[in-house]
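Each remark here refers to the structure printed beneath this line.
The values are calculated or read from the model by the stated rules, or taken from the named source; none is laboratory data. Since this is a predicted model, take the numbers as computed values, not measurements. Heads up, the Cβs are rebuilt from the backbone with ideal geometry, glycines too, and the neighbour counts pull from every protein chain shown.
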Amino acid sequence: MLVVESRTPSRRSVYLWGLITSLGVIAGYGAVLLANVRHFYTDDTESQYVPLWVMLGRRLRDGDLPVLVPEHWMAGNYSIEEAGLLNPPQLLIDFLAPSFDNLVLYATVVKLIFAIILGLGVYRICLAYGSRVQWAALGGVSIPFTGWLLFFDSASWMTAFTGTAWLVHAWASGVRYARGKSSPIPVFLFLYLAISVQYIFPAAEAGLMIGAVAVGEWIYQRKWQPAARLLAVSAFAALAGMATYLPSMLSAKVTWRGTAQINNDQFLTVPWSESLNASLPSTLPAFSSWWGYVQPLPVVYIAWFLIPALAFIDWAEARKAWREFSGIGLFAIAALMWTAGPGTIGPLRWPARVLPMVALGLLVLVCVLLGRFATVKEWRGRAIAAAVLIGLLWIRSFSADPHNVLAHVIAAVALLALTAGVVWLGLNKGTTAAVALAIVAVFPIAYVQVARAQPTPMSWNLPSDRAEAKAAFPDFAGTTLQLGDRALIPPNERTVDGAYGSLVFGNYAKDVEKTYVSGYTPNGHFYFGEMLCMRWDTSVCPDAFRRAFAVEPSTGKPIVDLMNVDRVVLHNALYPDARAQDPPAGWKWVDYPGHDRYISVLEREGGLISTRNGRVSAVDGGTAVSVSETDTTSRVRVTSDNGGRVVFARLGWPGYRATLNGNDVPFKVVAKSFVAIDIPAGTRDGDLELTWRPPGWKIGGASILAGLAGLAVFQWLYLRGRRPERGSSEAPDAESIPDSSLADVTR
């Protein structure tokens, strides 16, 4: 066997293969778009995230950071939504969003950028653990096209996707920092970005990752100081990121999420046997979800080469170096255990969401092993082993999904052919040619998987052309309450010329720049939602109309009056006989030609109410005149001889404070929903100020400063302890990386 001396890859080769990684991700996105041009604009992306970007961007351009928008009621507390208000890259995405009418294009470009960031992050992790650049690039190109990431996170759940993209860079930077090759600043920065996307899963996964890496570095280096430094810097990043989640934690008692709990059920918990069926592209795993037991999407797929590659690793040599990459294995094992349950851990529900972490851990582990210990020595025996592994994959896939046996056979044969092709190229043309085939194979597999899943079961088919949607939509001024049910829209009417020209669901109202009470929210106000039986997607029950006009006993006013609603839109499919009834007192039926097929509209006889007296909605025993209004502050001039009460069209989120003439006064909530303040007897032209701030904002600000101060200390210690090194390279060490092809180890 030819022994070739190890060397660190040159800066040029690191950059070259980083570029190849980026181009590979772009090519993979092209393949996916050939199968479905709207793949990256579906489900939560079209119904939650992109409309939110548009609304936030419009307000940012007006010089406003919209932590609270009272008229959005159900989803208006953006300090607890997935808005990323403390995440600078997300704010840039928001700021640019209103400039784009083609939302499919904008969402796809944004996600492509994050897919490249993700791919380069995995590339960096592999290099940090000593992989050759070619195999590291294979891992980087493959990660965006792993099952759950491709069909859920990048297609729909944007914050999970962006959080993972930052997490992988935190991993790479963490290893480099622990091994003395980088400062603590990148670790802190990437962890903060992963945490502050305002989605709890990346934050929790980042904690799991850092713990595994720290333990792995302690095992590898056999001293505790590097791991302790890494944990300390990570703790400072978590401290800075705490400001993102304090409002959610301190508001939980009034939301659907409620308080912390641990439950177990089978919904979206994935048996380990399914999680490990990672290389057969046709796999359709068996576990409980929205679509029953056998899934219509290959969400446990990781990479075609992952399992066959195990036969072409020199395990004897790998065992000698196991300490160096033990952190990868610990992370993969922990993620795998998490996917099997419990079903709910506080705000963390649906363990299948952790499948990208399983894919990440296993993909990095295999690419590092290939990048350091790939061999085709005694290739015939290894080929038989690879065939056996592929056969086991086929058996597992057939067991879970026996109705698609032909697809599984074709996939298994394709895997055998690809494996044979890579081995042949490695023997005869070298590592670069072998890896090139492995990378190119990613693209048709992604195309076939997406094409096979059409029509996608996830799409809402919301209009993607904002200009067209705004032109088609009724000119609704003021604040609108829609009472409808998304489930009653037939699939063929989910178009801008159909129901979406008159009705909004999710955050679609933000696309057409209208103010609606409802919006997409996973964190809805429990009591307000119960009052109107309003769900997360803005749908309501048939009783919502009665409830909206029911009189609140203590004020003697209907709920719609307490909300300062200007208009009520009724979904005809939910209320087919609405216009046969007389309108409620003070309201009238209004015709909107071209829209009467889908909606019936009630408007106030006296015109808009939302602009008359600020957000004052009811006054008892005195007078209250609005002086000034912002989203977070109401100033009112109040007078009451015998004592009274002012009720505001504001949802009673935690975080309000009231003062009268500069002195704190208590406030309460009416119907467990509306903010109300009692006015003392004898008050004359009193200055009443009601102010809302995200709960815990002072603690959050202090925690950010404390995190930055801690980082500054560790950066100083890092600079103080550095030794000048001539000719040092930023490229990671490549101990035990032979500068040779696969063919070298057979000679």
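Numbers at a glance
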{"read-out": "V368 at pLDDT 95 or above and out of contact with any Pro (no Cβ under 8 Å at 6 or more places or on another chain)", "value": "yes"}
{"read-out": "Matching residues, the range 480-536, being part of a strand (DSSP E or B) and not aliphatic (A, V, I, L, M)", "value": "T480, Q482, T515, Y516, H525"}
{"read-out": "Condition check for Q449: surrounded by fewer than 19 Cβ atoms within 10 Å (Cβ to Cβ), in the same structural domain as L52 (by TED's automatic domain parsing) and over 30 Å from R380 (Cβ atoms)", "value": "no"}
{"read-out": "Within the range 231-257, considering residues that are in contact with a Phe, Trp or Tyr (Cβ under 7 Å, 6 or more places away or on another chain) and surrounded by fewer than 20 Cβ atoms within 10 Å (Cβ to Cβ), the one nearest to A170 (Cα to Cα)", "value": "A232"}
{"read-out": "Subset tally (residues that are part of a helix (DSSP H, G or I) and touching a residue at least 40 places away in the same chain (Cβ under 8 Å)) for the range 31-78", "value": "26"}
{"read-out": "Every pair of residues 6+ apart whose Cβ atoms lie under 8 Å, when the first sits in the range 101-125 and is among the hydrophobic types (A, V, I, L, M, F, W, C) while the second is part of a strand (DSSP E or B) and surrounded by fewer than 21 Cβ atoms within 10 Å (Cβ to Cβ)", "value": "L103/D465"}
{"read-out": "Complete set of residues in the range 644-685 that are among the aromatic types (F, W, Y) and surrounded by fewer than 16 Cβ atoms within 10 Å (Cβ to Cβ)", "value": "none"}
{"read-out": "Wholly enclosed helices (runs of 4 or more DSSP H) of the range 102-210 bearing at least 1 residues closer than 17 Å to V50 by Cα", "value": "103-128, 158-178"}
{"read-out": "Yes/no for V104 being assigned by TED's automatic domain parsing to the domain that holds L34 and touching a Phe, Trp or Tyr at 6+ places or on another chain (Cβ under 7 Å)", "value": "yes"}
{"read-out": "Conditions (1) surrounded by fewer than 18 Cβ atoms within 10 Å (Cβ to Cβ); (2) modelled with pLDDT under 95: number failed by V270", "value": "(1)"}
{"read-out": "Options I200, I210, I195; residue that is of a type outside the set (S, T, Y), buried (at least 24 other Cβ atoms within 10 Å of the Cβ) and within 12 Å of the chain's Cα centre (by Cα)", "value": "I195"}
{"read-out": "Per-region count, the range 686-711, residues farther than 30 Å from M74 by Cα and either of a type in the set (F, W, Y) or surrounded by 14 or more Cβ atoms within 10 Å (Cβ to Cβ) (or both)", "value": "6"}
{"read-out": "Filtered residues of the range 578-620 (kept if in contact with a strand residue (DSSP E or B) (Cβ under 8 Å, 6 or more places away or on another chain) and part of a helix (DSSP H, G or I))", "value": "A578, R579"}
{"read-out": "Evaluation of V636 against (1) surrounded by 19 or more Cβ atoms within 10 Å (Cβ to Cβ); (2) in contact with a Leu (Cβ under 9 Å, 6 or more places away or on another chain); (3) not assigned by TED's automatic domain parsing to the domain that holds G652 (one fails), failing number", "value": "(3)"}
{"read-out": "Count of the range 457-498 residues which are touching a Gly at 6+ places or on another chain (Cβ under 7 Å) and under 30 Å from D561 (Cβ atoms)", "value": "1"}
{"read-out": "Some residue of the range 616-629 being within 37 Å of the chain's Cα centre (by Cα), modelled with pLDDT of 95 or more and more than 25 Å from P553 (Cα to Cα)", "value": "yes"}
